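Visitor: Right, I'll just put the structure down here and ask away after.
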Amino acid sequence: MGVLVGILLVVAVVTLCVGERTYSPAQVLQVLLGERVPGATFNVETIRLPRMLTGLLVGLGFGMGGVVFQTMLRNPLASPDIIGVSAGSSAAAVVAITMFGLSGTALSLVAVVCGIAVAAAIYGLSWRGGVHGARLVLIGIAVGAMLDSVIAYAMTRAGVYDANEALRWLTGSLNSAFWPGVGPLAVAMAVLLPVLLALSRRLSALQLGDDTASALGVRPDRTRLALIVVAVAVVSVATATTGPVAFVAFLSGPIAHRLVRGTGSLLVPAALVGALLVLVGDLVGQHLLVARFPVGVVTGVLGAPYLLWLLARTNRSGGSL
């Protein structure tokens with residue numbers, strides 16, 4: 001945990017130092033302390049700092065929201081970007097951009113509300129005297145495919161400018177990260193993430209099975225519903241801010257599990273890994289490749305091979321989704 005925090009701080013500092021012009025950590029520190037440094041003040045304070053904070057916050061949200069789903073349903077495929085939750089926010093945002101011309105706060109609200117509504121629909125369709133992980137995953141994938149067709153239809157009907165804006169949003173990008181959006185995002189995460197942490201003990205009980213959880217005084221159905229509502233809200237807020245940054249929610253939990261050996265909760269380690277994936281992916285996409293790419297493109301390149309490997313391993317072992 002300490003190493004993860006240390007690496008995250010180093011990456012955050014590098015994010016503030018590197019760009020079209022590179023500044024020393026001392027110059028960045030001067031800017032953060034309120035001193036005026038010619039050239040550095042505008043670039044660091046106005047452009048790089050809100051971008052870094054946005055990436056940090058959405059990464060925390062994606063990481064923690066994703067591992068809640070995977071732990072609660074005991075299925076590594078049960079992350080929001082696989083089971084259609086992120087697709088709900090994405091479809092709503094694309095329709096809002098291309099057909100209604102929405103942007104800014106209104107667009108974010110539509111994405112959050114529709115993400116929660118789609119998650120509720122998936123949960124309801126999965127209910128058969130309880131929610132089984134494999135059934136929810138399959139229904140979520142089917143709903144996500146339907147929503148992808150909605151996105152495709154909206155894109156074919158859109159004008160050139162609206163289509164470009166929607167495509168930029170769909171790739172998952174920090175390019176629109178500025179100070180006006182940091183405040184609401186920080187408030188939302190400050191409210192929602194502690195709620196998930198407060199529910200972590202009940203989440204651990206659910207891992208033991210519904211009967212054991214009931215014996216420990218945890219109501220499985222109510223706890224599962226509360227976890228889903230809060231986790232979906234976290235992921236929907238993050239998605240509404242940057243678009244669906246591919247595979248961050250999917251990868252954070254498994255990486256954290258391999259790094260943090262033990263029986264404790266993975267919520268905080270997965271959140272830190274999610275923030276690292278977003279910040280490092282943005283650094284790579286902006287500065288280490290031939291051309292500039294949104295962070296979602298970089299994380300997609302990382303996540304797709306892992307998804308294929310996971311499916312192949314499950315198939316070889318004869319397991320189910």
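Visitor: If we scan region 285-300, do we find a residue that is touching a strand residue (DSSP E or B) at 6+ places or on another chain (Cβ under 8 Å) and closer than 18 Å to VAL67 by Cα?
Guide: No, because not a single residue in region 285-300 is touching a strand residue (DSSP E or B) at 6+ places or on another chain (Cβ under 8 Å) and closer than 18 Å to VAL67 by Cα.
Visitor: For the list (1) in contact (Cβ under 8 Å) with a residue 40 or more places away in the chain; (2) of a type in the set (D, E, K, R); (3) in contact with a Ser or Thr (Cβ under 9 Å, 6 or more places away or on another chain), I need the number of the one condition that ARG48 fails.
Guide: Of the numbered conditions (1) in contact (Cβ under 8 Å) with a residue 40 or more places away in the chain; (2) of a type in the set (D, E, K, R); (3) in contact with a Ser or Thr (Cβ under 9 Å, 6 or more places away or on another chain), the odd one out for ARG48 is (1).
Visitor: Would you confirm whether any residue within region 182-189 is farther than 24 Å from VAL58 by Cβ and crowded, with 20+ Cβ neighbours inside 10 Å?
Guide: No; the residues of region 182-189 include none that is farther than 24 Å from VAL58 by Cβ and crowded, with 20+ Cβ neighbours inside 10 Å.
Visitor: While we're looking at this one, here's another question. Looking at GLY19, is it free of Cβ contacts under 8 Å to residues at least 24 places away in the same chain and either surrounded by 12 or more Cβ atoms within 10 Å (Cβ to Cβ) or more than 22 Å from the chain's Cα centre (by Cα) (or both)?
Guide: no
Each row is one residue, and each column tells you yes or no for (1) of a type outside the set (Gly, Ala, Ser); (2) touching a helix residue (DSSP H, G or I) at 6+ places or on another chain (Cβ under 8 Å); (3) under 27 Å from LEU267 (Cα atoms).
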position	(1), (2), (3)
SER89	no, yes, yes
SER103	no, yes, no
SER108	no, yes, yes
VAL112	yes, yes, yes
ALA119	no, yes, yes
ALA134	no, no, yes
ILE139	yes, yes, yes
ILE151	yes, yes, no
ALA158	no, yes, no
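Visitor: Among the residues of region 258-280, are any modelled with pLDDT of 90 or more and outside any helix (DSSP H, G or I)?
Guide: Checking region 258-280: at least one residue is modelled with pLDDT of 90 or more and outside any helix (DSSP H, G or I).
Visitor: Here is a check on your reading of the model: is VAL143 within 26 Å of THR223 (Cβ to Cβ), more than 20 Å from the chain's Cα centre (by Cα) and surrounded by 19 or more Cβ atoms within 10 Å (Cβ to Cβ)?
Guide: no
Visitor: Within region 22-51, how many residues are of a type in the set (Phe, Trp, Tyr) and buried (at least 18 other Cβ atoms within 10 Å of the Cβ)? I'd like the intermediate steps shown before the answer.
Guide: Looking only at region 22-51, we keep the residues that are of a type in the set (Phe, Trp, Tyr), and these are 23, 42.
With buried (at least 18 other Cβ atoms within 10 Å of the Cβ) added as a condition, the list becomes 23.
So the count comes out to 1.
Visitor: Taking only region 106-156 into account, find how many residues are within 19 Å of ALA231 (Cβ to Cβ), small (Gly, Ala, Ser) and part of a helix (DSSP H, G or I).
Guide: 13
Condition check ((1) under 22 Å from GLU45 (Cα atoms); (2) modelled with pLDDT under 95; (3) touching a strand residue (DSSP E or B) at 6+ places or on another chain (Cβ under 7 Å)) across all residues:
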position: GLU165; (1), (2), (3): no, yes, no
position: SER176; (1), (2), (3): yes, yes, no
position: ALA186; (1), (2), (3): yes, no, no
position: LEU193; (1), (2), (3): no, no, no
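Visitor: If you go through region 86-105 one residue at a time, do you hit one that is within 30 Å of SER214 (Cα to Cα), outside any helix (DSSP H, G or I), at pLDDT below 90 and of a type outside the set (Lys, Arg)?
Guide: Scanning region 86-105 turns up no residue that is within 30 Å of SER214 (Cα to Cα), outside any helix (DSSP H, G or I), at pLDDT below 90 and of a type outside the set (Lys, Arg).
Visitor: Another one. I'm trying to understand the selection: among the residues of region 98-126, which are loosely packed, with under 13 Cβ neighbours inside 10 Å and farther than 21 Å from THR239 by Cα?
Guide: Scanning region 98-126 gives a single hit, GLY124.
The values are calculated or read from the model by the stated rules, or taken from the named source; none is laboratory data. Fair warning: this is a prediction, and the values are worked out from it, not measured in the lab. Note that each Cβ is placed from the backbone with ideal geometry, even for glycine, and that neighbours are counted across all protein chains shown.
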